[in-house]
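Read through the structure below, which is laid out as structure tokens, and then see the notes.
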Amino acid sequence: MTIGIKKKVLIVENQFLQFKAIHYLLNKAGFEIFPDENSFKEFLDGVRICLNTRYTPIRQNKYWNKILGKTIEYNPDIIIIDHILVGSHEAEDGIDLAIKFRKYNVKQPFIFFSRTDINNIDICDRLPKVLPKSRWIVKGYSGADILEPIFFEKKVIPEIEALLDSNLGNEQTSTLIDSSKLLRLKDKLAGLEKTRKLLETNVNRYRNEIIIESDLAIKIKLEYKLEEFKAELEKVEAEIDEIEKQINDGA
């Protein structure tokens with residue numbers, strides 16, 4: 001790790017006492033950390049909602065955009081993620097969260113904390129989706145279920161430093177810029193999809209009115225309006241196609 005430059009760590013840990021222990025040990029080792037104790041609850045509540053399938057997809061996406069936005073804003077050098085973040089077998093977990101980040105072209109290294117060994121079949125199946133630049137660390141506990149400081153200092157800190165040393169210096173900045181652009185494109189696409197549905201509704205309505213209208217003058221006016229809506233719909237669909245192409249190409 002470069003001397004004199006504080007590296008930034010994003011912690012995604014659902015248990016506050018564990019978070020405090022990790023935060024303290026990272027701070028002691030000279031790292032900058034997000035979230036802090038004041039913003040922990042808001043950030044982790046957002047993570048839980050976006051991973052918990054009992055919430056509607058609309059609400060999940062809303063909180064996912066907030067989590068992604070905060071990650072982009074903080075611009076971490078490395079991300080530490082707890083394996084189990086929601087107390088439900090039906091909820092997604094830390095690997096799923098990392099996969100979401102990867103889909104948005106976030107390529108920062110990940111360190112996963114877990115009680116589960118990496119040789120677990122489910123982990124072996126899914127972990128390659130967030131490779132390369134990730135490590136799986138089985139937690140080391142004291143009797144009070146708090147991370148052992150010696151374990152963290154001897155095992156975790158060296159892993160963090162090794163990942164940071166192997167990470168290309170300019171990769172992170174370009175990754176976050178790309179992620180920010182992708183987020184804006186997806187927001188714009190969602191707005192255009194709503195506009196397209198409204199225009200399609202109007203096109204169908206005017207077509208039906210033209211069919212049943214017997215007055216020629218009124219029918220001509222309706223046909224004129226129909227053509228206006230169809231032209232606008234074509235423009236919106238072309239814009240949607242272009243944005244989808246940019247998203248698929250990774251912005």
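Using a/c under 1.5 as the rounded threshold, could you call region 51-98 rounded, prolate or oblate? The axes a ≥ b ≥ c are square roots of the C-alpha gyration tensor eigenvalues, and prolate needs a/b larger than b/c, oblate otherwise. Could you put the intermediate results ahead of the total?
Details: a/c = 3.52, a/b = 1.30, b/c = 2.71.
Taking the square roots of the gyration eigenvalues as a ≥ b ≥ c, region 51-98 is oblate.
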Go through region 19-28 residue by residue and turn each phi into a ³J(HN,Hα) via Karplus (6.51, -1.76, 1.60, θ = phi - 60°); whole Hz please, and just put x for glycine and proline.
4, 4, 5, 5, 4, 4, 5, 5, 4, 4
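Got the relative contact order for the chain handy, in percent, Cα pairs under 8 Å and 6 or more residues apart? All intermediate terms of the calculation are to be shown ahead of the outcome.
Details: 279 pairs, mean separation 42.6, N = 251.
Contact order relative to length: 17 percent.
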Cα axis of helix 171-212 to longest principal axis of the chain: angle in degrees, 0 to 90, nearest 10?
20 degrees
One would report the Cα pair-distance distribution of region 15-103, bin width 5 Å, in %, as 3, 13, 24, 27, 20, 10, 4, 1, 0
Can you give the Rg and Dmax of the chain based on its C-alpha atoms, in angstrom?
24.3, 87
Could you tell me what a quarter of the Cα convex hull surface of region 1-54 works out to, in nm² with one decimal place?
4.3 nm²
Would you mind checking the tilt of helix 57-74 against the longest principal axis of the Cα atoms of the chain, expressed as 0 to 90 degrees and rounded to 10?
60 degrees
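Since every read-out is calculated from the coordinates, none of them should be taken as a lab result. Here the structure is a predicted model, which is why all the values come from computation and not from measurement.
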